Amino acid sequence: MADATFFGRKRDKLGVLVFKDVIDDKILMWMHIDSEKLKYYKFLMKTLEERGFTIQGVTVDGRRGLFTVFDSYPVQMCLFHQLMIIKRYLTKSPKLQPSKDLKAITKRLTTTTETRFVNKFNEWYINNIDFINEKTINPETGKEEFTHRRLVQAFRSLNKNLPYLFTYKNNPDFMMPN
């Protein structure tokens, strides 16, 4: 598992990047960081490989670019982080029916199979494609924008991360956390 966390205020820039073996529950490597950059993940991964560690797979929070850093390994997107992304876009209590439906599908992410999830997600998309693609003119800029921007963002997040949401189930021998 690889993750970064920061302490104090943003301007303090006190952070740590940790690589943890979830099977043995041990911290393998860590380093102080001032920001969460991909180069730090690459450095720690390369150091682990040089020291002879076998990396079976990696669970990450979905930070942009992380999937490419670990592209030679099975990568699992943290389901908690994915659920929080959806909650941020759709809110705790969405008002629109398509948003409610997508939130309901997403809530089952931790208890369903990949096939069932993908089928429900695709069915939802087909049923709501016109609603998702609806656009209006922004009166301030005069530019065309998605009418339901937050729903589009939630959809795009799930769609982009879909290949990484069930890695832990597809590789049960690796004992990857979800």
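So which residues in the stretch 5-26 are in a strand (DSSP E or B), closer than 19 Å to Y73 by Cα and either touching a residue at least 40 places away in the same chain (Cβ under 8 Å) or β-branched (V, I, T) (or both)? Of everything in the stretch 5-26, just one residue is in a strand (DSSP E or B), closer than 19 Å to Y73 by Cα and either touching a residue at least 40 places away in the same chain (Cβ under 8 Å) or β-branched (V, I, T) (or both), namely V18. Restricted to the stretch 64-178, the set of helices (runs of 4 or more DSSP H) holding at least 3 residues that are open to solvent by less than 60 Å² (accessible area, probe 1.4 Å) comprises 66-69, 79-90, 97-107, 114-132, 149-161.
Among the residues of the stretch 59-73, the ones that are touching a helix residue (DSSP H, G or I) at 6+ places or on another chain (Cβ under 8 Å) and within 16 Å of M176 (Cα to Cα) come to 6 in all.
Output yes when any residue across the stretch 89-96 is touching a residue at least 60 places away in the same chain (Cβ under 8 Å) and on the phi < 0 side of the Ramachandran plot, and no when none is. For the stretch 89-96, residues touching a residue at least 60 places away in the same chain (Cβ under 8 Å) and on the phi < 0 side of the Ramachandran plot: present.
Of all residues in the stretch 30-62, those satisfying the criterion of being in a loop (DSSP other than H, G, I, E, B), on the phi < 0 side of the Ramachandran plot, exposed (fewer than 12 other Cβ atoms within 10 Å of the Cβ) and not β-branched (V, I, T) are D34, S35, R51. Applying the condition of being over 22 Å from the mean Cα position of the chain (by Cα) and closer than 25 Å to G52 by Cα to the stretch 1-26 and asking which residue is most open to solvent (accessible area, probe 1.4 Å) yields K26. Of everything listed in (1) of a type outside the set (S, T, Y); (2) in contact with a helix residue (DSSP H, G or I) (Cβ under 8 Å, 6 or more places away or on another chain); (3) free of Cβ contacts under 8 Å to residues at least 40 places away in the same chain; (4) within 21 Å of M84 (Cα to Cα), the single unmet condition for E36 is (2).
The values are calculated or read from the model by the stated rules, or taken from the named source; none is laboratory data. Since the model is a prediction, treat every value here as computed from it, not as a measurement. Please note: Cβ atoms are built from the backbone with ideal geometry, for glycine as well, and neighbour counts cover all protein chains shown. Accessible surface areas use protein heavy atoms only, side chains included; no ligands, DNA or RNA. Shrake-Rupley method; radii C 1.70, N 1.55, O 1.52, S 1.80 Å.
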